[in-house]
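Each remark here refers to the structure printed beneath this line.
The values are calculated or read from the model by the stated rules, or taken from the named source; none is laboratory data. Everything numeric here is computed off the predicted structure, so don't read it as measured data. The protein model used for the area step is the full one, side chains on, heavy atoms only, and it has no ligands, DNA or RNA in it. Shrake-Rupley method; radii C 1.70, N 1.55, O 1.52, S 1.80 Å.
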Amino acid sequence: MLVDNTEIQVYSLCMKIMKKNDGETNHDYALRVIKENIENLELKPGSMISEQEIASNLSISRTPVHEALQELAKTKIVEILPQRGSLVSLIDMQLVDEACFIRANIESAVTELACEMATQKDIDALEENIVLQEFYYKKENFEKFMEFDNAFHRSMYQITGRMLCYYTVQLMNIHHNRFRTLGLHSSNAPRIITEHHAILDAIKKKNVKKTREEFLHHINRVHIDATEIQQKYPAYFK
């Protein structure tokens, strides 16, 4: 998406700065912080960001920030505009669909396997996760709700020992995650919780076919929600 100067809206940089993890390189730190701020819409679609400002906020040099933005540009979540900075891409529903396609095919298989492998301890942890989703929804803390939503799905990869698959899915899932964040603000959280309960109930019964069906119903809701969300936030979409 190329945009004329008159169409680019410049925002003052307002990022949530996370603590650097032990052993984390400056490149990985910059990538994680930028990616999470794009996903949670602190860096809004269509906004301009500068390497220098990010580097200053993270107390690192520009080089790892530049490298992180170049890496994100490969997934089309940001655009590098020479001599002007970097632009957070508008949400492209074709890329959201592609991210969902990748996730649906990989994660459905992983979730089926989790149904077969989950221990009672795993099931208890998933139940506790959903309780916390309900708690943070009632508190209207959507950031924490999303954290536990993501953790619910990550647990499937952890149960099955398929974390490389998880990291592969996450490379593209940033497009879907921005869309999911908007969905939370469109009162979709109760539906998400209900669908998580349905997935977990199927896992408890060791019903592999039902687990797959409930997961695919859950992930493919994006096509049902798209019109409502695009109408509510038209400025964020390509």
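Data overview
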{"quantity": "Segment 20-132 pair-distance distribution - Cα-Cα, 5 Å bins, rounded %", "calculated": "2, 10, 15, 17, 13, 12, 13, 9, 6, 2, 0, 0"}
{"quantity": "Portion, in percent, of the accessible area of the chain that falls on carbon or sulfur, probe 1.4 Å", "calculated": "51 percent"}
{"quantity": "Three-way shape label, segment 129-194, alpha-carbon gyration tensor, a/c 1.5", "calculated": "oblate"}
{"quantity": "Under 5 Å, built H, 5+ apart or other chain: amide partners of E24", "calculated": "none"}
{"quantity": "V78 long-range amide H proximity, modeled H, under 5 Å", "calculated": "A73, S89"}
{"quantity": "Rg followed by Dmax, in Å, when segment 70-154 is reduced to its Cα trace", "calculated": "17.8, 56"}
{"quantity": "Accessible heavy-atom area order of S56, S50, S108, highest first, probe of 1.4 Å", "calculated": "S56, S50, S108"}
{"quantity": "Contact order relative to length of the chain, as percent, for alpha carbon pairs under 8 angstrom and 6 or more apart", "calculated": "23 percent"}
{"quantity": "[x] 58, 43, 33; [y] 52, 45, 35; [z] 61, 44, 30, with the label sought being that of the calculated Cα extents along the principal axes in Å", "calculated": "[x]"}
{"quantity": "Helix 163-184 axis, angle to the chain major axis (alpha carbon atoms, nearest 10°)", "calculated": "80 degrees"}
{"quantity": "Acute angle (nearest 10 degrees) that the helix 142-160 long axis makes with the longest principal axis of the chain, alpha-carbon atoms", "calculated": "60 degrees"}
{"quantity": "Between 0 and 90°, nearest 10: helix 189-204 axis offset from the chain longest Cα axis", "calculated": "40 degrees"}
{"quantity": "Exposure rank, largest accessible area first [K76, K205, K210; 1.4 Å]", "calculated": "K205, K76, K210"}
{"quantity": "The chain - accessible surface per residue (Å², probe 1.4 Å)", "calculated": "51 Å²"}
{"quantity": "Percent antiparallel among DSSP beta bridges (both partners in the chain, rounded to 5)", "calculated": "75 percent"}
{"quantity": "Sequence-distant residues sharing a close amide H with E42 (under 5 Å, placed H)", "calculated": "none"}
{"quantity": "Karplus-derived 3J(HN,Hα), 6.51/-1.76/1.60, for each residue of segment 44-49, Hz, glycine and proline x", "calculated": "6, x, x, 8, 8, 10"}
